[in-house]
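Notes for the one structure printed next.
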Amino acid sequence: MVFESNRLEWIRAPKQYSVEEGRIAIVTEPVTDLWQRTYYGFRNDNAPVLQMRTDERYFSFTVKTDFASKHRFDQCGIVMYLDSDNWLKASIEYENDVFQRLGSVVTNHGYSDWATTDIDASIKSMWYRLSRRESDYCIECSEDGVHFRQMRICHMWEGAGEIQFGVYACSPEESSFEAVFTHMELSECRWEAHH
């Protein structure tokens, strides 16, 4: 399985973007986000998502993100968007000039969660790896593309068959920034079975 740009499909394409072999750039639009119900009560489902489809049950997808985020909640990263009620994402959300939040959201049957850790606001690049073992998923991150650390393991209730996965970027408030995705790679599952 190869990550090929001609196999990618947009869900809500942004006005400004470029897709080349080995490089994707997205300029976010204001008031775009992905979130469902939990705690805040609102439902936001308008972020641009660029994905490919697969029925491969065991694989890993790795990507490097570079971003010029500067406003609260600006974010970009990996995504597996099945429909508005079932998806996951991992990204860095800008908070202020001191810290930002490295985290992930898993949404099952219309309810989102959010798991985060605070990191320095000066970080403007991050690698992510999404691994699939049937309907279970592992999200990892890395600052150098070599040493990955686990962010979370989750189960997707609707994630057992054909899925779509890729990248996204959005700006939930009144802002815009450019997110660049490179070093996109599909490989055998790097998330080893638990014995």
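The values are calculated or read from the model by the stated rules, or taken from the named source; none is laboratory data. Computed from a prediction, not measured in an experiment: that's the story for all the values here. For neighbour counting, all protein chains shown are included, and Cβ atoms are generated from backbone atoms with ideal geometry for every residue, glycine included. Just so you know, the surface numbers come from the protein's heavy atoms only, side chains and all, with ligands and any DNA or RNA stripped out. Shrake-Rupley method; radii C 1.70, N 1.55, O 1.52, S 1.80 Å.
Could you tell me whether region 58-156 comes out rounded, prolate or oblate from its Cα gyration tensor? Rule is a ≥ b ≥ c as square roots of the eigenvalues, rounded for a/c under 1.5, then prolate if a/b exceeds b/c, otherwise oblate. Oblate, since a/c reaches 1.5 and b/c is not below a/b. Across Asp33, Asp113, Asp144, mean-square fluctuation computed from a Gaussian network of the chain (C-alpha pairs under 10 Å connected) peaks at Asp144.
Given a Förster radius of 22 Å and the C-beta distance between Arg57 and Gln150 as r, what FRET efficiency does 1/(1 + (r/R0)^6) yield to the nearest 0.05? Intermediate values should be presented prior to the final figure.
Numbers: r = 20 Å, r/R0 = 0.92.
E(calc), rounded to 0.05, equals 0.60.
Note on Asn96 and Thr117: their simple-model spin labels are 2.2 nm apart, each label 7 Å out from Cα toward Cβ. Modelled spin-label separation between Glu192 and Arg43, with each label point placed 7 Å from Cα along the Cα-to-Cβ direction: 4.3 nm.
On the protein heavy atoms, probe 1.4 angstrom, tell me the percent of accessible surface of the chain carried by carbon and sulfur.
On the way: 4230 of 9070 Å².
Here it works out to 47 percent.
Considering only Gln75, Phe148, Val63, the residue lying farthest towards the positive end of the dipole of region 47-193 is Phe148, judged by Cα position with unit charges set on Cβ. Taking every Cα-Cα distance in region 32-102 and sorting them into 5 Å bins starting at zero, the pair-distance distribution P(r) comes out as 3, 12, 22, 24, 18, 13, 6, 1, 0 percent. Simple point charges give the picture: +1 on the Cβ of Lys and Arg, -1 on the Cβ of Asp and Glu, and for region 1-99 a dipole about the Cα centre of about 80 debye.
With a/c under 1.5 counting as rounded, go ahead and sort the chain into rounded, prolate or oblate using the C-alpha gyration tensor (a ≥ b ≥ c being the square roots of the eigenvalues; past the cut-off, prolate if a/b is larger than b/c, else oblate). It is rounded, given that a/c, with a ≥ b ≥ c, falls under 1.5. Rolling a 1.4 Å probe over the heavy atoms of the protein chains gives the chain an accessible area of 46 Å² per residue.
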